[in-house]
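To start, the structure itself, in structure tokens.
Each value in this text was obtained by applying a stated rule to the coordinates, not by laboratory testing. The shown structure was predicted, so the numbers you read here are calculated from the model rather than taken from an experiment. Backbone-built Cβ (ideal geometry, glycine too); neighbour counts: all protein chains shown.
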Amino acid sequence: MTNSFAYRKMKKNFLLFLGLILTFGFVGCGKKKNTMPEVKIYTTEGDIEIELYPDKAPKSVAAFLSYVDSGYYNDASFYRVLSLYNQPMGTNATELIQGGTWKSSSRHDNLPGIPHEPTSQTGIKHLNGTVSLARQEPGTATTEFFICIGDQPGFDYGGAANPDGQGYAAFGKVIKGMDIVKKIYEQPEENQYFDPPIRIRKIERL
């Protein structure tokens, strides 16, 4: 009688345990895995991880990843900074760090421009940590990019940061290492350029 009771109790506990495993196991399997590509920027000041949005800005992301995969960003740099202290008084001061190959290589000179994807089309606003393509005229962006520090609505479509009103093409966001971005932002600069530039060892996919 005692053994039978113990057996039934053990069986009941086993079935309960099995049920928990199956329940939570299937819940875990049902979680959607993040499918957005990610890259890591290795700098002399620390590393920065970025999530990219090919579903919203496919042309910008495809071009950026092609440069990453080809090694364009090996020995590149963060070379420019816009801060509250190095812009004319009375202007809508913006905050960002800009990087790419401009200071370290001329290979970008022969690259075709990336078709402009404005924020009115992508819906990616220039918020704190947003990564966007630097450019002259719309459609001239190549390897150069910048990271927003704080929200920068002036870079969005219709914003005041660019006379043509087309804004800049945002395509990703910092998901880890914003402290490194701010550390770079605080490095010595002269006339909006880091002195010396902060080296980017490489950028690679995760």
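Note on the range 90-150: along the principal axes its Cα atoms extend 33, 26, 23 Å, ordered by decreasing extent. Converting phi to 3J(HN,Hα) with the Karplus coefficients 6.51, -1.76 and 1.60 and the offset θ = phi - 60°, the range 62-68 yields 4, 5, 4, 5, 5, 5, 4 Hz in sequence order, with x at every glycine or proline. Enter the Cα centre distance for the pair the range 96-165 and the range 51-75, rounded to the nearest angstrom. Here the two parts' Cα centres lie 13 Å apart.
Using only alpha carbon positions, build the gyration tensor of the range 38-205, then give the equivalent ellipsoid semi-axes as the square roots of 5 times its eigenvalues, largest first, whole angstrom.
Equivalent-ellipsoid dimensions as semi-axes: 20, 20, 15 Å.
Residues whose amide H lies under 5 Å from that of Phe194, counting only those 5 or more places away or on a different chain, are Arg80, Val81; hydrogens are built 1.01 Å from N in the peptide plane. Coupling constants for the range 112-119 follow from the phi torsions by the Karplus curve (6.51 cos²θ - 1.76 cosθ + 1.60, θ = phi - 60°), and in residue order they are x, x, 8, x, 5, 10, x, 5 Hz; glycine and proline get x. Other residues lying with their Cβ under 9 Å from the Cβ of Leu127 contribute a combined charge of +1, Lys and Arg counting +1, Asp and Glu -1.
Measuring between alpha carbons in the structure, the pairs from Lys103/Lys176; Lys59/Lys176; Lys59/Lys183; Lys59/Lys125; Lys40/Lys183; Lys182/Lys202 lying more than 22 angstrom apart are Lys103/Lys176; Lys59/Lys176; Lys59/Lys183.
Net charge in the neighbourhood of Tyr193 (other residues with Cβ under 12 Å of its Cβ; Lys, Arg +1, Asp, Glu -1) is -1.
Rounded to the nearest 0.05, what FRET efficiency do Thr44 and Ser120 give with R0 = 45 Å and r taken as the Cβ-Cβ distance? Could you check? Please report the intermediate quantities before stating the final value.
Numbers: r = 37 Å, r/R0 = 0.82.
Between Thr44 and Ser120 the formula returns 0.75.
Would you please state the base-10 log of I(q)/I(0) at q = 0.20, 0.25, 0.29, 0.32 1/Å for the range 51-104, with intensities from the Debye formula using one equal scatterer on every alpha carbon? Values returned for q = 0.20, 0.25, 0.29, 0.32 Å⁻¹ are -0.84, -0.95, -1.04, -1.13.
By the scheme Lys and Arg +1, Asp and Glu -1, what is the net charge of all other residues having a beta-carbon under 13 Å from that of Asn162? Each step should come with its number before you reach the end.
Working: positive: Arg135; negative: Glu137, Asp156, Asp164.
Net charge around Asn162: -2.
Computed from phi, the 3J(HN,Hα) profile of the range 83-89 under the Karplus parametrisation 6.51, -1.76, 1.60 (θ = phi - 60°) reads 10, 6, 10, 10, 10, x, 4 Hz, with x in place of Gly and Pro. Shape summary of the range 163-206, radius of gyration then Dmax from alpha carbon positions: 14.0, 37 Å.
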